[in-house]
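> Have a look at this one.
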Amino acid sequence: MSAIPVVDQEACIGCEACTQICPEVFRMEEEEHGDHSHGKSTVYNPTGASRAKIEQAMDACPAACIYWQD
Ligand code: SF4
């Protein structure tokens with residue numbers, strides 16, 4: 001079993017970089033905070049793209065909140 005990518009949603013700033021680079025793996029989810037709704041990335045298909053492409057998304061993440069989990 002290989003590692004799968006995980007998003008630390010506490011740290012995610014919702015910039016959408018990962019979803020643009022790797023839409024096969026990441027997608028944005030709306031999170032409600034009272035009257036302020038803020039998008040967070042989530043991994044919906046951990047095996048949807050090559051490891052290299054997922055690593056591109058990790059490298060592009062300004063919050064460095066995507067990591068591998070065994
Ligand atoms: S690139 Fe990082 S900060 Fe931006 S949406 Fe994806 S996980 Fe969140």
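> Scan segment 18-26 and give yes if some residue there is within 7 Å of the ligand (Cβ to nearest atom) and of a type in the set (Phe, Trp, Tyr), otherwise no.
yes
> Right, another one. Of all residues in segment 11-32, which are within 16 Å of Trp68 (Cα to Cα) and surrounded by fewer than 18 Cβ atoms within 10 Å (Cβ to Cβ)?
Ala11
> Which condition from (1) in contact (Cβ under 8 Å) with a residue 60 or more places away in the chain; (2) near the ligand (Cβ under 10 Å from one of its atoms) is the one that Ile4 breaks?
Going through (1) in contact (Cβ under 8 Å) with a residue 60 or more places away in the chain; (2) near the ligand (Cβ under 10 Å from one of its atoms) one by one, Ile4 breaks only (2).
> Let me ask something additional. Scan segment 35-70 for residues that are small (Gly, Ala, Ser) and exposed (fewer than 13 other Cβ atoms within 10 Å of the Cβ) and jot them down.
Ser37, Ser50, Ala52, Ala64
All of the numbers you see were taken from the coordinates with simple rules; none came from a lab. Please read these numbers as outputs of a predicted model, since none were measured by experiment. Cβ atoms come from the backbone with ideal geometry, glycine included; neighbour counts cover every protein chain shown.
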